[in-house]
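Working notes, beginning with the structure itself.
No value in this document is a laboratory result; all are computed from the given coordinates. All figures in this text were calculated on a predicted structure; none of them were measured in a lab. Cβ atoms come from the backbone with ideal geometry, glycine included; neighbour counts cover every protein chain shown.
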Amino acid sequence: MQKDQRPEVWLRGPLSDIPALLQPAAHAILQAEEEITVLAAEFPNELLWEKPAGVASVGFHLQHLAGVLDRLFTYAREEQLSDNQLNYLRNEGKEPFPGCTLQDLLDYFSSQIRQALNQFRRTDEYTLTQVRYVGRAKIPSTHIGLLFHAAEHTQRHLGQLLVTARILQAGFKES
């Protein structure tokens, strides 16, 4: 995997159009996109749904990354999930259509990142400590809690995705 020679996103300075308190979350999400894009240049599509040692596939992680951003930013807007979002969640880990490629999944993830960044731009920092509810059970969180968790969860799955990809590319065989 060819390493990006630029500093990590958080070391490149503030994003001029993102509220100050949301900079770390925006940086984390953009860093994930950059690292997955580097992986995509070398990762073979035929390994996309492989599960070495039973761990989640690279395809699952990409679907989940996009889905989590969509769902958590929906809750941050004080909305409930749509039937389409619930269906997407139920189908994470399954090939969404025959011939789905890593690039297809990356394109959808990138579109979710663009939407997340647009939502960051429109976020009033004075709302960040306000309560937001998650799911049908209406579990309380805060606006900033949801946005931060979206970034943290993205980074967590990025790490898992990168390790799984490396294992697969090294030719791991289930024994």
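Quick one: count up the residues across the stretch 111-136 that are exposed (fewer than 15 other Cβ atoms within 10 Å of the Cβ), under 17 Å from the mean Cα position of the chain (by Cα) and of a type in the set (S, T, N, Q).
Number of matching residues: 3.
Being touching an Asp or Glu at 6+ places or on another chain (Cβ under 6 Å) and farther than 19 Å from His64 by Cβ, is that true of even one residue in the stretch 161-173?
no
If I go through the stretch 137-165 residue by residue, how many of them are in contact (Cβ under 8 Å) with a residue 60 or more places away in the chain and either within 15 Å of the chain's Cα centre (by Cα) or part of a helix (DSSP H, G or I) (or both)?
Looking only at that region, the number is 19.
Take the residues in the stretch 96-106 that are in a loop (DSSP other than H, G, I, E, B) and out of contact with any Leu (no Cβ under 9 Å at 6 or more places or on another chain), then tell me which one is nearest to Leu47 (Cα to Cα).
Once the filter is applied, the top-ranked residue is Gly99.
Which members of the stretch 26-39 meet the condition of being out of contact with any Ser or Thr (no Cβ under 9 Å at 6 or more places or on another chain) and small (Gly, Ala, Ser)?
Correct list: Ala26 only.
List, please: which pairs have Cβ atoms under 7 Å, are six or more places apart or on different chains, and start with a residue in the stretch 97-113 that is free of Cβ contacts under 8 Å to residues at least 60 places away in the same chain and end with one that is of a type in the set (A, V, I, L, M)?
Final answer for the pair search is Leu105/Leu62; Tyr108/Ala66; Gln112/Ala66; Gln112/Leu69.
Which of (1) among the hydroxyl-bearing types (Ser, Thr, Tyr); (2) in contact with a Pro (Cβ under 9 Å, 6 or more places away or on another chain); (3) assigned to a helix (DSSP H, G or I) is the odd one out, the single condition Tyr133 does not satisfy?
(3)
So if I check each of Ala76, Ala66, Ala137, which one is among the small types (Gly, Ala, Ser), farther than 18 Å from Glu34 by Cα and in contact with a Ser or Thr (Cβ under 9 Å, 6 or more places away or on another chain)?
Only one candidate qualifies: Ala76.
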